[in-house]
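Since the structure comes first, as structure tokens, the remarks are kept for the end.
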Amino acid sequence: GIEETICTAEIKENLDKPSRADIYNPRAGRFSTLNSLTLPILRFIRLSAARGVLYRDAIMAPHWFLNAHSAIYFTRGECRMQIVNHLGQAVFDGQVREGQVIVVPQNFAAVKQAGEQGCEWIEFNTNDNAMMNTLSGRTSAFRAMPVDVIANAYQISREQAERLKYSRRETLLFSGSSSRYERGRV
Amino acid sequence: GSWQQGECHLSRINAREPTFRLEAEGGVTEFWDHTNDEFQCAGVSIHRHRINPRGLVLPAYHNAPVLVYVVRGRGTLGYLISGCPETFESSQESQQEYYEERGEEGRSHIFRDKHQKVREIRQGYVFAIPAGAAHWTYNNGEEELVTVAVQDVANYANQLDRTPRSFYLAGNPLRGQQQQEGRPREQRGLPEFGNVFRGFKVRPLSEAFRVDEETARLLRGENDTRGHIIRAEQGIQFVSPTLREEYGRREGQYGRGEGPYYTRDN
């Protein structure tokens with residue numbers, strides 16, 4: 001019975017196809033995920049992947065993976081990237097460009113901003129259903145918290161807390177502003 | 001670091017007291033030394049929060065699942081799941097009616113908010129926090145809220161090493177540690193933690209949140225001296241069924257309609 005099961009199992013998927021995107025923002029880019037729900041064989045090898053495309057100056061929300069490490073290979077352009085550990089130390093803060101690989105350990109927080117030419121990457125995650133939490137944006141941890149918790153936690157007014165909570169209405173990929181921070185500054 | 005799964009050659013087991021206290025404005029946390037042989041063997045780290053009334057344990061997530069037991073007191077737990085909707089939301093009308101009934105018509109600010117579900121916890125409750133899930137705890141009771149927690153660093157969900165780590169999303173939790181003199185943190189068997197925003201530059205933070213740089217700087221908590229448990233002087237308001245139920249009870253057991261949540265027929 002393995003002819004019609006194991007032997008014929010689907011083992012490939014085109015993640016580059018723009019219409020395949022799971023998250024898309026015409027002003028920021030797209031993000032496509034491949035996990036064991038979309039490609040069941042990944043359940044056996046306990047890995048998953050995602051393809052990211054950021055347009056010029058666009059930002060990928062600060063985020064962390066709950067259950068996986070990530071190995072990211074940059075396929076085009078360049079990105080400014082910051083990665084932070086549990087001590088609040090920036091363990092990486094710099095430019096990454098085509099051909100380079102960077103590893104983001106589980107739970108470490110990371111943010112990316114594309115450079116002038118945009119930025120593209122493929123990431124491999126060490127869990128077949130890698131899950132991400134964002135720090136800003138419409139589905140972020142901040143949106144989940146009561147305004148009063150934010151105001152007290154950061155010693156700010158309720159109005160400031162509301163701005164922190166609601167200013168970014170996008171989900172994962174944010175359009176960049178004209179006053180993008182100076183690239184290469186550490 | 002040298003411990004491997006199955007390395008539990010214990011010749012003696014001791015009953016242990018916490019070995020380290022981390023004091024903060026709104027309470028104190030006591031840690032058991034996770035480098036003791038039996039804790040290393042079991043792959044667990046244990047700590048106890050003592051949260052004063054109006055104390056808020058700042059939002060944080062951990063590198064391993066946590067199981068918590070409420071020893072004493074009561075409070076509220078906020079559990080943040082990215083992508084889930086904000087299902088606890090206030091409607092302006094019901095809030096106004098509520099305050100009017102309380103004779104607070106002149107109230108200048110009507111409390112409105114929406115956020116994810118919050119859960120009441122009290123003595124005897126056990127609650128579970130998956131690895132990497134952010135959460136906060138607030139003591140809205142009259143007495144100290146005491147919780148004891150085990151962090152299962154040997155759990156399959158933790159792909160880092162067996163060091164217990166806490167990633168805070170606010171404040172300056174290291175401040176309390178810096179007051180300790182002498183031996184390095186590792187020798188004391190303390191978990192490691194800090195505010196993750198501290199590692200981000202102000203400019204990208206202000207862009208990611210689309211706020212001014214001053215507000216973004218506050219996320220980093222650099223000048224915050226309150227520690228990992230803060231005191232909310234004015235208390236913390238959030239939308240919770242308790243408020244709604246009180247409002248309903250004033251109108252009879254089930255409110256105006258047929259049930260507690262039915263105020264109109266279809």
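The values are calculated or read from the model by the stated rules, or taken from the named source; none is laboratory data. For clarity, every value in this text was computed on a predicted model and none was experimentally measured. Note that each Cβ is placed from the backbone with ideal geometry, even for glycine, and that neighbours are counted across all protein chains shown.
So which residues in the range A:48-62 are away from every other protein chain (no Cβ under 12 Å) and either modelled with pLDDT under 90 or assigned to a loop (DSSP other than H, G, I, E, B) (or both)? Listed by number, the residues that qualify are A:TYR55, A:ARG56. Considering only residues that are touching a Phe, Trp or Tyr at 6+ places or on another chain (Cβ under 6 Å) and within 9 Å of chain A (Cβ to nearest Cβ), which ones fall in the range B:61-91? Across the range B:61-91, the qualifying residues are B:TYR61, B:GLY78.
Hey, can you tell me all the residues within the range A:108-137 that are at positive phi and within 12 Å of chain B (Cβ to nearest Cβ)? Please lay out each step first, then the result.
Narrowing the range A:108-137 to residues at positive phi: A:118, A:137.
Result: A:GLY137, single match.
Only helices (runs of 4 or more DSSP H) wholly contained in the range A:138-186 count here; list those with 3 or more residues that are more than 7 Å from every other protein chain (Cβ to nearest Cβ) and either modelled with pLDDT under 90 or surrounded by fewer than 19 Cβ atoms within 10 Å (Cβ to Cβ) (or both). I'd like the intermediate steps shown before the answer.
Values: elements: A:141-144, A:147-154, A:158-166.
Helices (runs of 4 or more DSSP H) meeting the threshold: A:158-166.
Taken over the range A:63-76, the criterion of being at pLDDT below 95, crowded, with 16+ Cβ neighbours inside 10 Å and either of a type outside the set (A, V, I, L, M, F, W, C) or part of a loop (DSSP other than H, G, I, E, B) (or both) is satisfied by A:LEU66, A:ASN67, A:ALA68, A:HIS69, A:SER70.
If you go through the range B:133-170 and keep only what is more than 7 Å from chain A (Cβ to nearest Cβ), in a loop (DSSP other than H, G, I, E, B) and polar (S, T, N, Q), you end up with B:ASN139, B:ASN140, B:ASN155, B:ASN158, B:THR163. Mind checking which residues of the range A:77-98 are surrounded by fewer than 18 Cβ atoms within 10 Å (Cβ to Cβ) and of a type in the set (S, T, N, Q)? Matches in the range A:77-98: A:GLN89, A:GLN95.
Quick test for you: out of A:VAL96, A:VAL101, A:VAL91, pick the one residue that is aliphatic (A, V, I, L, M) and within 14 Å of chain B (Cβ to nearest Cβ). Step through it out loud before you land on a result.
Working: A:VAL96 fails: within 14 Å of chain B (Cβ to nearest Cβ); A:VAL101 fails: within 14 Å of chain B (Cβ to nearest Cβ).
Among A:VAL96, A:VAL101, A:VAL91, only A:VAL91 is aliphatic (A, V, I, L, M) and within 14 Å of chain B (Cβ to nearest Cβ).
In the range B:192-203, which residues are out of contact with any strand residue (DSSP E or B) (no Cβ under 6 Å at 6 or more places or on another chain) and surrounded by fewer than 22 Cβ atoms within 10 Å (Cβ to Cβ)?
Narrowing the range B:192-203 to residues out of contact with any strand residue (DSSP E or B) (no Cβ under 6 Å at 6 or more places or on another chain): B:194, B:197-198, B:201-203.
B:ARG198, B:LYS201, B:VAL202, B:ARG203, listed by residue number.
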